[in-house]
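Data first, discussion second: the structure below is written as structure tokens.
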Amino acid sequence: MTRLIYITLAFAPLAVAAQDSDLYYPPVGCTGTLTVQSRSCIVSHIYTCAADQPGESWRIQFNADGPNFLSKIDAETQWLESYELFPIRREVLQQPAPDPASLSELLSTGTDAYDFVQRSEAGVVRVVGFDRLSGNDVVIDGEPLLGTEFSARYEDTSGTYLEVSGAEFVSVKHRRFVSGLVTQKWTRDGGTVEWDRTPVDFIYPGEPGFFSRTPLYDCEASLASYRPNVKGSDQ
């Protein structure tokens, strides 16, 4: 119940923001640190909260229709909890994980394998995969990013699974992944979907566009339909 109250509070400022400005305001006790404008009509805001553990941070994502995803990670980029929005559907990490995601291992060895379980009201999903530094490092809007490649498999208790692969980025400064080019393949019907969420702008407090609720890139073409909560959707 406490967590649901927190999530409700997270969106309480939206009604005020819609009347007064284009800005999103994080919950009381939380501080915004970064806005990322990406392709495929996505804008994400990163914030930290005094009530959380050191190294934990939140990301709220907006598309052309408004907020559609919220997630919390730790300093190792473990996906502690995430929410599909309107209606709210919560997923949490089952701890301890058999092989938890570790950004420290990725940065020190070049590869990180993981094996963990996410729980929701719909059931459990096992996630097995890896991240690997690709060497395709870039600087985007002045932000140095390490290039990575990944592959992951999401399997539910019925045996249905989703395969996800692609290339994304790591910000060492912010200790988080930033999405890039991603491919999803469903085994249920053999369908495949691809999208490009490469970042375009990194915006800091005090700069124009910080915590703006309006995505800027590719909106006319994509209208940014929401993708499931999987690796490559950013964290």
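The values are calculated or read from the model by the stated rules, or taken from the named source; none is laboratory data. Quick caveat, the model's predicted, so the values are computed rather than measured. Using ideal geometry, Cβ is built from the backbone for each residue, glycine included, and neighbour counts are taken over all protein chains shown. Areas reflect the complete protein model, heavy atoms only, side chains present, ligands, DNA and RNA absent. Shrake-Rupley method; radii C 1.70, N 1.55, O 1.52, S 1.80 Å.
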Among the numbered criteria (1) at pLDDT below 95; (2) in contact with a Gly (Cβ under 8 Å, 6 or more places away or on another chain); (3) surrounded by 14 or more Cβ atoms within 10 Å (Cβ to Cβ), which single criterion is violated by Arg175?
(1)
Yes or no: Ile42 hydrophobic (A, V, I, L, M, F, W, C), modelled with pLDDT of 95 or more and under 17 Å from the mean Cα position of the chain (by Cα)?
yes
Subset of region 86-142 that is among the charged types (D, E, K, R) and either touching a His at 6+ places or on another chain (Cβ under 9 Å) or outside any strand (DSSP E or B) (or both) - its residue that is nearest to Tyr161 (Cα to Cα):
Glu121
Residue by residue through region 98-122, note down the ones that are among the small types (Gly, Ala, Ser), surrounded by fewer than 16 Cβ atoms within 10 Å (Cβ to Cβ) and at pLDDT 95 or above.
Ser104, Ser108, Gly110, Ala113
On the basis of being buried (at least 21 other Cβ atoms within 10 Å of the Cβ), in a strand (DSSP E or B) and in contact with a Leu (Cβ under 6 Å, 6 or more places away or on another chain), does Phe169 make the cut?
yes
Condition met for Ser71 (open to solvent by 30 Å² or more (accessible area, probe 1.4 Å) and under 17 Å from Arg197 (Cβ atoms))
no
Pick from Leu216, Leu162: which is farther than 28 Å from Leu133 by Cβ and in contact (Cβ under 8 Å) with a residue 24 or more places away in the chain?
Leu216
Cβ contacts < 8 Å: first residue within 17 Å of Leu216 (Cα to Cα) and of a type in the set (A, V, I, L, M), restricted to region 17-29; second residue surrounded by 17 or more Cβ atoms within 10 Å (Cβ to Cβ) and modelled with pLDDT of 90 or more, any location; separation 6+ or different chain. Result?
Leu23/Phe211; Leu23/Ser212; Leu23/Arg213
Residue that is modelled with pLDDT of 95 or more, of a type outside the set (S, T, N, Q) and not in a strand (DSSP E or B), where the choices are Glu76, Glu81:
Glu76
Is region 40-49 home to any residue that is out of contact with any Gly (no Cβ under 9 Å at 6 or more places or on another chain) and open to solvent by 10 Å² or more (accessible area, probe 1.4 Å)?
yes
Restricted to region 123-166, and to residues that are closer than 20 Å to Trp79 by Cα and among the charged types (D, E, K, R), which residue is surrounded by the most Cβ atoms within 10 Å (Cβ to Cβ)?
Asp131
